[in-house]
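Data first, discussion second: the structure below is written as structure tokens.
The values are calculated or read from the model by the stated rules, or taken from the named source; none is laboratory data. What you see is a predicted model, and the numbers here were worked out from it, not measured in a lab. Note: ideal-geometry Cβ built from the backbone for every residue, glycine included; neighbour counts use all protein chains shown. Keep in mind that these areas ignore ligands, DNA and RNA; they rest on the heavy atoms of the full protein, side chains included. Shrake-Rupley method; radii C 1.70, N 1.55, O 1.52, S 1.80 Å.
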Amino acid sequence: MSVPILIGVDIGTARVKALGLALDGSELAQVEHATPWTRNGNQAEMDPGELAALLQATVAAIPAEIARGDHEGIEVVAIGIAGMGEAGVLIDARGRPLAPILAWHDPRGDVDAVRREIGEEAFQRAAGMRLNAQPSLAKILWSQRASADAASAVRFLSLPEWGVYRLGGLPVSELSLASRTGLLDIGALTPFAGAVALLGRDLLSETVTAGTAAGVANGDAVPASIRGAVLTVAGHDHQAAALAVGAARPGALFNSMGTAEALVRCVDGPLEPAAVGRLAAQGTTAGWGVVRGRYAVMEGLRTGLVLERVASLLGARDRAARRLLGEEAHAVDLADIPPGLVVNDGDGGIALGALADGLPPAAVWAAVVRDLTTASVRRLERITAEVGPHTKVTVAGGWTRNAAVLAAKRRQFGEIEVSDLREAGATGAALLAGVAAGIVESPETDAAPWSERRVPRANSEVS
């Protein structure tokens, strides 16, 4: 009898991660690759074809890795792909990409056109995002201005949607990702009229909730080992991670500490447009989540990016060195170290300022972690003011394995639950793949973590 597995993929800012999970949630294989950005200063872009090829190879490596162990006859039942928001692919009527992918943090975006034609307040109330270069709409307008080919696009697919599409799936617009584009009126759940008028067409596909089946893996370019697997877009990676650790429920706060830090609250939706506008005006996003009928209110910070840069400046360029730096920083007395050690370098990046001169690396690290945590506290206060206090905190992500960062989080929140999932986003994507295949219960009822979810029909319905 073949061994059925679920594959979850997380297209992250720094890495593309994939997990192969048994139907009881146990991890059988993990594969990861660097996300293939091309960088120029603070700009970052990616070739859509290169990403598609990387995703195909990464997914196919999972059953191959499992087969090298004690398992024989692997059956990939379903594949879920989650990932970062805002970044995406403009395609023509034949599905061909028309422009490079711009990273969510890339400063290129035609913000002035959106402000002029739609208006800042109107955009923010409808889209649930602050008007700057981050929403997809601003990036699409910039790309169309830069390339005549891009102006002929008929669809915009987020990166997880693009991945599913290139594995042979249907073009869909998953709601948690569409809520980060500026193309969707999140209150009306229809294409945003202002964006349609500005672009001359609606670039969204059929809107679906994460965990909705979007075809099966097929096509000559798709590896044989995954053909026939049910495909689903598993939504925004932070929200998929929240689902995996049991924090995609009202009252819970999920603090994801990856390359980007996210503070995620899941609330019964929708929110009133006035509340959405207030949140967006202060930089807090609001939109549909990966659980049907619920909103995700989220603050995003570049904490991980800053920590990576500071660690590199301090000579800690690998995980072991960063772990040691965190352990040494954990014992530093910060009483006499002022805030503000990190400064802008004038070229869109960051540097260590004069206040860091003469301080040992551990002291610098401890002070930077403190300052970033202070910023996180202030952002959380904005969310609480609109949706009320949280009752439980779960933290996850690579930076929680740094002693100084984890200690700062304990000081920030008090009692916390630290998830032991190595890749919560990919795990959530695998869970939603099981939902799409009909072998995992839909999460609307309780959004319990994977550790509490078992597949009641797995043995009887999968052979």
If you average the C-alpha positions of segment 334-405 and of segment 1-54 separately, how far apart do those two centres end up, in angstrom?
28
Put +1 on the Cβ of every Lys and Arg and -1 on every Asp and Glu Cβ in the chain; which of 37, 251, 213 then has its Cα farthest towards the positive end of the dipole?
251
Under 17 Å from a label point 7 Å along Cα→Cβ of residue 268: give me every residue in segment 357-394 with its amide N that close.
387-391
Interchain or sequence-distant (5+) residues whose placed amide H lies within less than 5 Å of the amide H of residue 43 are none
Given a Förster distance of 30 Å, the FRET efficiency implied by the Cβ-Cβ spacing of residue 351 and residue 146, rounded to the nearest 0.05, works out to 0.50
Using only the Cα atoms, what convex hull volume per residue in Å³ does segment 342-395 have?
120
Per q in 0.15, 0.16, 0.21 1/Å, what log10 I(q)/I(0) does a Debye calculation on the alpha-carbon atoms of segment 1-119 return?
-0.77, -0.83, -1.13
Please state the relative contact order of the chain as a whole percent: Cα pairs under 8 Å, 6+ residues apart?
19
Sorted by mean Cβ packing within 10 Å, highest first, what order do the peptides 110-116, 401-407 take?
401-407, 110-116
Tell me the carbon and sulfur percent of the accessible area for the chain, rounded to whole percent, probe radius 1.4 Å.
48
Give the Debye-formula value of log10 I(q)/I(0) at each listed q (0.11, 0.12, 0.24 Å⁻¹), with one equal scatterer per alpha carbon of segment 372-447, two decimals each.
-0.41, -0.48, -1.13
In a shell of Cβ-Cβ distance under 14 Å around residue 332, excluding residue 332 itself, what net charge do Lys and Arg (+1) and Asp and Glu (-1) give?
-3
Apply the Karplus parameterisation 6.51 cos²θ - 1.76 cosθ + 1.60, with θ equal to phi minus 60°, to every residue of segment 230-240 and state each ³J(HN,Hα) to the nearest whole Hz, in sequence, with x for glycine and proline.
5, 10, 8, 7, 8, x, 5, 5, 5, 6, 4
Collect residues whose amide H, placed 1.01 Å from N in the peptide plane, falls under 5 Å from the amide H of residue 75; neighbours closer than 5 in sequence don't count.
3, 5
Report the equivalent ellipsoid semi-axes for the chain in whole Å, largest first, defined as the square roots of five times the eigenvalues of the gyration tensor built from alpha carbon atoms.
32, 28, 22
Mind ranking 262-272, 293-303, 6-16 by how tightly packed they are, going by the mean number of other C-beta atoms within 10 angstrom, highest first?
6-16, 293-303, 262-272
Applied in sequence order to segment 114-127, the curve 6.51 cos²θ - 1.76 cosθ + 1.60 (Karplus, θ = phi - 60°) yields integer Hz couplings, x standing for Gly and Pro, of 5, 5, 6, 8, 10, x, 5, 5, 4, 5, 5, 5, 7, 8
Amide hydrogen neighbours beyond the local backbone of residue 173, cut-off 5 Å, H modeled:
205, 206, 207, 208
Using per-residue counts of other Cβ atoms within 10 Å, averaged over each peptide, order 93-103, 410-420 from highest down.
93-103, 410-420
Given q = 0.11, 0.26, 0.27 Å⁻¹, what are the Debye log10 I(q)/I(0) values for segment 268-347, with equal point scatterers placed on the Cα positions and solvent ignored?
-0.56, -1.27, -1.33
